[in-house]
Amino acid sequence: MSNNEFIHQDFQTQPAPKSQAEMEGERRLKAMLTKRTIGTGLISALITFILTISILFYAFYNFYIPSVQAQNANTITFDKTEETKTAISKLKTVIQEIKDNYLEELTDAQILEAMTNGFPSGLENPYTYYMSAESYASNKEAMSGKYVGIGCTVTLTEGIGTEIVEVITGGPAQLAGMMSGDILVSVDGVSIKDAKDSSEVAAKVKGVEGTTVKVEVFRPSVKETLSFNIVRKTIESQNVKYRMLDATTGYLMVKSFAEGVPEDFIAAMDDLQKKGAKNIVFDLRNNSGGNAQVMIDMLEYLLPADTLLASIKGREDGKAFEVKWTTQSGMKVPVTMKYAILTNEYTASASEFFSGCLRDYGKATLIGKNTYGKGSGTKLYELKDGSAVNITMFKYYLPNGESIEGTGLKPDIEVDLAAADQYTSIEMLTAEQDTPLKKALEVLHGTNP
């Protein structure tokens, strides 16, 4: 995750190659975006609702980099207004002062890398930022479903730090004694308080299977700092889990909108219906989002063809665009099926889109806590050296016209866990402890007071 961005990152590795389904998903998403006047749709990268990375900026007063002025491909041009000239002159002065007076001598390449890192952050948009090659690799691994790590999901947010949102049941972190709510302090003795995104933290925690990593955390519930020596192991994520709650109600947890999830989601929904499910509880607590096309594929299963999912407004290739996202295929569930969706403050991005869309069509009741509030989409650009830049390029507006950027979704019924259960992983909550789930059953059974 990123400067102030609230999004989870699992400690993972081993990115998987693109499947035929993913490539088809890219094609469909590009086709959807080309239904506008600005020409080409998104190219070379999927739109995602997840964190990623930066841009390159370096120029002097006369609008080019002197050391490479003969190489037109490396020349950066700007408009020649007085305001721009003043800004470039200021930049030139700052660069020269740092070159002359910084305590260590810097190469031009080091200065450029520092500027590359800082420029996106300077835009003060939490979802536009640069990521080093190491952090980007960690970010890709977060979506792969198979990784070597300690089995934690974390989020980075301003004023709190890197917080453990979930520990995987039976994973190394849980077995060592780490808990949800722990705040990461250091990894192998190196402080992470200045980490810019959770992928950066994840890269430090990950390593070779069988090796040990020392993790220090602060536990707010007891106000103590604790240290754990944890042996890394290979863990396979299970992003979709489901079961029957009673004779007519199914339960389906989606942890992330990652690759492979639509297939698992559809298989789970088919199986729940075969077992008699008439209504479904979707658990999106701690789901920080993922890939837009994954989320769209899941809504395709639940809604009729030609249903408006969202209106998209943004910029691409220097031009403004507007486009509407709609479903393409027919729904695969009875029109009478209803949903209760469990949310909390960690429900973000694509999971908010999914929840808001079903709510707007009267299909779902939102239960839990106000969601995070990421109502924008980003485009990921992978750079030649393995680093990347993530750029916020559009905002989405739900079917009722609402933008949730910065505000989130307000639940229809606000319910929170008891104070004693706040730091218990969702999957470890008992039926009695899970008060939002109890309320969801009341709503779907028509017994909610």
Check your understanding: Two-decimal Rg/Rh of segment 140-280 from alpha-carbon positions, Kirkwood Rh?
Key -> 1.05
Check your understanding: Of all GluC sites (Glu not before Pro) in segment 361-449, which ones are in loop regions per DSSP and have a Cβ with at most 12 other Cβ atoms within 10 Å?
Key -> E432
Practice item. Could you tell me the largest-minus-smallest coordinate of the C-alpha atoms of segment 217-346 on each of the three principal axes, in descending order and whole angstroms? Key: 54, 54, 28
Review point. If the limit is 18 Å between Cα atoms, which of K85/K319; K196/K369; K241/K275; K332/K363 go over it?
Key: K85/K319; K196/K369
Revision key, fill the gap. One finds the C-alpha centres of segment 270-293 and segment 396-418 to be spaced, in Å, by 18 Å
Exercise for review: Using the Karplus curve 6.51 cos²θ - 1.76 cosθ + 1.60 with θ = phi - 60°, work out ³J(HN,Hα) for each residue of segment 374-384 in order, rounded to whole Hz, and write x for Gly and Pro.
Suggested key: 10, x, 10, x, 10, 10, 9, 10, 7, 9, 4
Study note, to complete from the structure: Pseudo-spin-label distance S227 to E105, built 7 Å along Cα→Cβ, given in nm, is 3.9 nm
Review point. What is the packing order of peptides 149-159, 167-177, taking the mean over residues of other C-beta atoms within 10 Å and listing the highest first?
Key: 149-159, 167-177
Exercise for review: Just flag the trypsin sites (Lys or Arg not before Pro) in segment 339-441 sitting in loop per DSSP whose Cβ has no more than 12 other Cβ atoms within 10 Å.
Suggested key: K384
Check your understanding: How much FRET efficiency would the formula 1/(1 + (r/R0)^6) give for D79 and Y381, where r is the Cβ-Cβ distance and R0 is 30 Å, rounded to 0.05?
Key -> 0.80
Review point. Dividing the Cα radius of gyration by the Kirkwood radius, what Rg/Rh value follows for segment 331-449?
Key: 1.06
Point to revise | Vicinal HN-Hα couplings computed from phi for segment 404-418 (Karplus, 6.51 cos²θ - 1.76 cosθ + 1.60; Hz; Gly/Pro x) | key: 9, 4, x, 10, x, 9, 7, x, 5, 10, 8, 9, 10, 5, 4
Review point. Can you list the trypsin sites (Lys or Arg not before Pro) in segment 222-328 that are in a DSSP coil and have 10 or fewer other beta carbons within 10 angstrom?
Key: K223
Review point. Rg and Dmax of segment 176-236, using alpha carbons, in Å: what are they?
Key: 11.7, 32
Point to revise | In nm, spacing of pseudo-spin labels at E236 and S329 (7 Å Cα→C-beta vector) | key: 2.5 nm
Review point. Relative to the present Cα-Cα distance, how much length would full extension add between S89 and M244 at 0.36 nm per residue of separation?
Key: 49.2 nm
Exercise for review: For segment 88-170, state what percent of all Cα-Cα pairs lands in each successive 5 Å bin, counting from 0 Å until the bin that includes the largest distance.
Suggested key: 3, 10, 13, 19, 15, 12, 12, 7, 6, 3, 1, 0
Revision key, fill the gap. Between the modelled labels at A420 and T211 (7 Å from Cα along Cα→Cβ) the distance in nm is 4.2 nm
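Coordinate-derived values only; no laboratory data. Since the structure is predicted, the reported quantities are computational estimates derived from the model, not experimental observations. Cβ: placed from backbone, ideal geometry, glycine included. Neighbour counts: every protein chain shown.
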